[in-house]
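Please treat every number below as a calculation from the coordinates, not as lab data. All values reported here derive from a predicted model rather than from experimental measurement. With ideal geometry, Cβ positions are generated from the backbone for all residues, glycine too; neighbour counts draw on all protein chains shown.
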Amino acid sequence: GAGVSQSPRYKVAKRGQDVALRCDPISGHVSLFWYQQALGQGPEFLTYFQNEAQLDKSGLPSDRFFAERPEGSVSTLKIQRTQQEDSAVYLCASSQGPGVHTIYFGEGSWLTVV
Amino acid sequence: GIQVEQSPPDLILQEGANSTLRCNFSDSVNNLQWFHQNPWGQLINLFYIPSGTKQNGRLSATTVATERYSLLYISSSQTTDSGVYFCAVDSGGSNYKLTFGKGTLLTVNP
């Protein structure tokens, strides 16, 4: 596609529910990133993929968070047993090369846990 | 880890005015980028500027790496410039992990 596409755009989950957020990067982009943005804050790094390899997952807040990119294109961020503090915007981004020199962000998935 | 501070936190302008946004960072960086987050939440990359000066239309940016700061200039502001401006730097020398500041919320009134 023309840009990074994320779905769903908005998700309301009950506490304890599992959620899955999808990211379609720009076609051919090697690098894929997930960031979490709380209200009024800047985005915070969650994880980084180069093709299908997850090279860094140091930003994932707990073992309830899991990300995958099995075929090196589409990625899914899964949150198990959601908690209220998981409420945030989850941003996906991609770049053509191995770094962030030219990085393109999607519009985000807005997650509210009630 | 590296600290990124942006100022001012909020800025209100009348259309046509000029403004300067500042980003201070606590350690040397190899990568510094400015982003604009529009009211719908999308982050748009404005400049990749680890050092020097760049211009793109009404926007320009300058980074003085030795003094650990960057400035974003907006001239002849328009209502469409409203949104949050973020500065982000590479974290710990990594070429893939960005640390963002808290942003400057810009409101341009007609």
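Evaluate chain B: find the radius of gyration of its Cα atoms, find its Kirkwood radius, and give the ratio Rg to Rh.
Rg/Rh for chain B comes to 0.96.
Which of the lysines could be linked to A:Lys78 by a straight reach, that is with a Cα gap under 18 Å, when you skip same-chain ones fewer than 8 residues away?
A:Lys11, A:Lys14, A:Lys57
Starting from the amide H of A:Val113, placed 1.01 Å from N in the peptide plane, find each other amide H under 5 Å away whose residue is 5 or more places distant or on another chain.
A:Ala13, A:Ser87
When DSSP beta bridges are limited to those with both residues in chain B, what percentage is antiparallel, rounded to the nearest 5?
The antiparallel proportion sits near 90 percent.
Based on the Cβ-Cβ distance from A:Gln80 to B:Tyr73, what FRET efficiency comes out when R0 is 41 Å, to the nearest 0.05?
Efficiency at R0 = 41 Å is approximately 0.35.
Please compute the contact order of chain B in relative form: average sequence separation of alpha-carbon pairs under 8 Å and at least six residues apart, divided by the residue count, as a percent.
This gives 37 percent for chain B.
Determine how many Å³ per residue the convex hull of the Cα atoms of the protein assembly as shown encloses.
Here the figure is 119 Å³ per residue.
Normalising by the residue count of chain A, find the relative contact order in percent from Cα pairs under 8 Å and 6+ residues apart.
Once normalised by length, the contact order is 36 percent.
Give me the compactness ratio for the stretch A:2-114, meaning the Cα radius of gyration over 2.2 N^0.38 Å.
Rg over 2.2 N^0.38 Å, computed on Cα atoms: 0.98.
With +1 on each Lys and Arg Cβ and -1 on each Asp and Glu Cβ, and nothing else charged, work out how big the dipole of chain B is about its Cα centre, in Debye to the nearest 20.
Using only the charged Cβ atoms, the result is roughly 140 debye.
Using a Gaussian network model on chain A with a 10 Å cutoff between Cα atoms, which of A:Ala93, A:Ala67, A:Ala38 fluctuates the most?
Per the Cα network of chain A with a 10 Å cutoff, A:Ala38 tops the list.
So if we plug the beta-carbon distance of B:Asn24 and A:Lys14 into 1/(1 + (r/R0)^6) with R0 = 35 Å, what FRET efficiency do we get, rounded to 0.05?
The formula returns an efficiency of 0.25 here.
Compute the relative contact order of the stretch A:1-67 as a whole-number percentage, counting only Cα pairs closer than 8 Å that sit 6 or more residues apart in sequence.
21 percent
Using θ = phi - 60° and the Karplus curve 6.51 cos²θ - 1.76 cosθ + 1.60, what whole-Hz ³J(HN,Hα) does each residue of the stretch A:73-79 get, with Gly and Pro shown as x?
With the stated coefficients, the stretch A:73-79 comes to 10, 4, 10, 10, 9, 10, 10 Hz.
Could you work out, residue by residue across B:37-50, how many beta carbons of other chains sit within 10 Å of that residue's beta carbon, and then give the average as an integer?
4
Please work out the Cα convex hull volume for the stretch A:1-62 and give it in Å³ per residue.
121 Å³
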